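Structure first, then comments.
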């Protein structure tokens, strides 16, 4: 069975891990089927090579317990000008794996590819549900229940957070799998990622956690309001 519960898209291998690696690990632990789709191979990255990055992504996916990691070949730094056929390829991924929830980067981010990825996924999310929209393999129309957005470099106020206290180490280990990106060496180019970036991400998740009374949390934005059926389902309120 190919169907996924969660499908998270990123512009580059490591984007999803930065934004919501702990959340994915949490849902995997709970028995959900989780996958990542990387739109590009990050072929223009300052450090590492495509071959190294692919091996690192595979290892990171194993650490998180992914059911599948899908690698597309859209152009790095060319996501704003993709063709109709390339967009249809992303639609095909959604129709094939029929995720209940789709995640993409939040559009406010220092890296233009992350915002472009947001736009592509929003278009694909909508088009996947259009019966007459044609894509590869003639897959039937399907639209997931929800589309959410995770933060990569951003510090926006989240619409909701997920307690990931017990899974922050999974996230850190998945990020450390990308040694070519996050570990400074004598051969590496100095980038924001090589300057203690993982600690910065960890500090952000600690801040999100502090706001809701847990140690670590990952934050997300929504396109529509969340429905709360029981105000007290999350535990006792402060008295």
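The values are calculated or read from the model by the stated rules, or taken from the named source; none is laboratory data. If you're wondering where the values come from, they're calculated on a predicted model, not measured in any experiment. Ideal geometry is used to build each Cβ from the backbone, glycine not excepted, and the neighbour counts take in all protein chains shown.
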query: Of the numbered conditions (1) closer than 26 Å to residue 175 by Cβ; (2) in contact (Cβ under 8 Å) with a residue 40 or more places away in the chain, residue 87 satisfies every one except a single condition; which is it?
result: (1)
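Suppose we filter the range 106-142 for residues that are within 21 Å of residue 32 (Cβ to Cβ) and in contact (Cβ under 8 Å) with a residue 40 or more places away in the chain; how many remain? Break it down stepwise before answering.
Start the filter on the range 106-142 by keeping residues that are within 21 Å of residue 32 (Cβ to Cβ), which leaves 121, 125, 128, 142.
Imposing the further condition that a residue be in contact (Cβ under 8 Å) with a residue 40 or more places away in the chain reduces the set to 121, 142.
Final tally of qualifying residues: 2.
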- line: Flagged in the range 158-185 as assigned to a loop (DSSP other than H, G, I, E, B), more than 17 Å from residue 12 (Cα to Cα) and at pLDDT 95 or above, in numbering order, are 158, 159, 164
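So that you can scan it fast, the table gives a plain yes or no per residue for (1) farther than 21 Å from residue 184 by Cβ; (2) buried (at least 19 other Cβ atoms within 10 Å of the Cβ); (3) at pLDDT 95 or above:
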position: 23; (1), (2), (3): yes, yes, yes
position: 28; (1), (2), (3): yes, yes, yes
position: 33; (1), (2), (3): yes, yes, yes
position: 36; (1), (2), (3): yes, yes, yes
position: 39; (1), (2), (3): yes, yes, yes
position: 44; (1), (2), (3): no, no, yes
position: 47; (1), (2), (3): no, yes, yes
position: 51; (1), (2), (3): no, no, yes
- prompt: Is there a residue being at negative phi, in contact with a strand residue (DSSP E or B) (Cβ under 7 Å, 6 or more places away or on another chain), part of a helix (DSSP H, G or I) and at pLDDT 95 or above anywhere in the range 59-80?
  reply: yes
statement: Scanning the range 107-150 residue by residue, the ones that are farther than 12 Å from residue 9 by Cβ and in contact with a strand residue (DSSP E or B) (Cβ under 6 Å, 6 or more places away or on another chain) total 1
query: In the list 91, 102, which residue meets the criterion of being closer than 22 Å to residue 222 by Cβ, out of contact with any strand residue (DSSP E or B) (no Cβ under 7 Å at 6 or more places or on another chain), buried (at least 19 other Cβ atoms within 10 Å of the Cβ) and modelled with pLDDT of 95 or more?
result: 91
message: Return the residues of the range 1-17 that are in contact with a strand residue (DSSP E or B) (Cβ under 7 Å, 6 or more places away or on another chain) and under 14 Å from residue 66 (Cα atoms); say none if nothing qualifies.
response: 4, 5, 6, 7, 8, 9, 13, 16
Odd one out for residue 199 among (1) in contact with a strand residue (DSSP E or B) (Cβ under 6 Å, 6 or more places away or on another chain); (2) in a helix (DSSP H, G or I): (1)
message: Give me the residue from the range 197-210 that is more than 23 Å from residue 69 (Cα to Cα) and touching a helix residue (DSSP H, G or I) at 6+ places or on another chain (Cβ under 9 Å) and, out of that set, surrounded by the most Cβ atoms within 10 Å (Cβ to Cβ).
response: 205
